[in-house]
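We did not get these values from a lab; they are worked out from the coordinates using the rules stated. Everything numeric in this text was worked out from a predicted model, so none of it was measured. So basically every Cβ, Gly included, is an ideal-geometry build from the backbone, and we count neighbours across all protein chains shown.
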Amino acid sequence: MTQVEQTASLLSHDDTRPVLSIVIAVLNEQDNLPQVCRELAEACAVLPSAEIVFVDDGSTDSTVAVLQRIRAEGVLNLRVLQHDRRCGKSAALRTGITAAQGVWIATIDGDGQDDPRELAPLLTLARTANGAPPLVVGVRTRRKDGWSRRVATRLANGLRQRLLQDHCPDTGAPIKIFRRVDFLALPQFEGLHRFLPALLGSYGVPLVCHPVSHRPRLHGQSKYTNFNRAVVGVRDLLGVMWLRNRTRLPASVREC
């Protein structure tokens, strides 16, 4: 049992909570959201009790209005949180996961490249794993991004694996499932979502990788360029190496 599990066992468990919270950070995705939400509704039909938490990270288009309209239709168990300014994807995920009520968290992107139907088998892997509850990463196969992004991603993943030894071929994969309590135990910084295999592994959370499909973006363009990903990614990588080296956790915790 990990230190996080031992600490969590001291907390009361509310059986009325949903099993799964699907947390989606969005920025200027007004055109993609109707299709994304239709697919989420279909996916939720075969999932256990689930809620969907959208976090708007300071959009300047009609993203929030579109989500409010979809919520008013009553098809989805939908919650909408809004940042007053752009804080970054990791901060948006942190906001959503903190507010989430589910025992398990699933993350996907809001641009339509992820297929919500992948969530059911990944959640089954998470809930039926032997030993400590794992982080399940949906490893993207046959990437539908442009060639320059595919090359940049391959190089970045190779460097991360070499330096962090996290045994994950796609650490930046948007589709991930993990326990809420495990995520909230991590120190928070922008870029955290790209290093979950390494950081959660430092806290005793095992890793399960499973292939998932990947699709072209429905509308619009990515909010990040290869250059800013590279510059920020190297800085974050060095920070994560330092953080893992300085992490000290007890093997067990007991109240005396």
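Computed from the alpha carbon atoms alone, the convex hull of segment 21-131 holds 99 Å³ per residue. Ranked by how many other Cβ atoms sit within 10 Å of their own Cβ, fewest first, the residues Leu159, Leu67 fall in the order Leu159, Leu67. The trypsin sites (Lys or Arg not before Pro) of segment 21-85 meeting both criteria, a DSSP state outside H, G, I, E and B (loop) and at most 10 other C-beta atoms within 10 angstrom of the site's C-beta, are Arg85.
Cβ-to-Cβ counts within 10 Å put Asp111, Asp236, Asp166 in ascending order as Asp236, Asp166, Asp111, the fewest first. Legend: ranking of residues Val23, Val66, Val136, Val253 from fewest to most surrounding C-beta atoms inside 10 Å; resulting order Val253, Val66, Val136, Val23.
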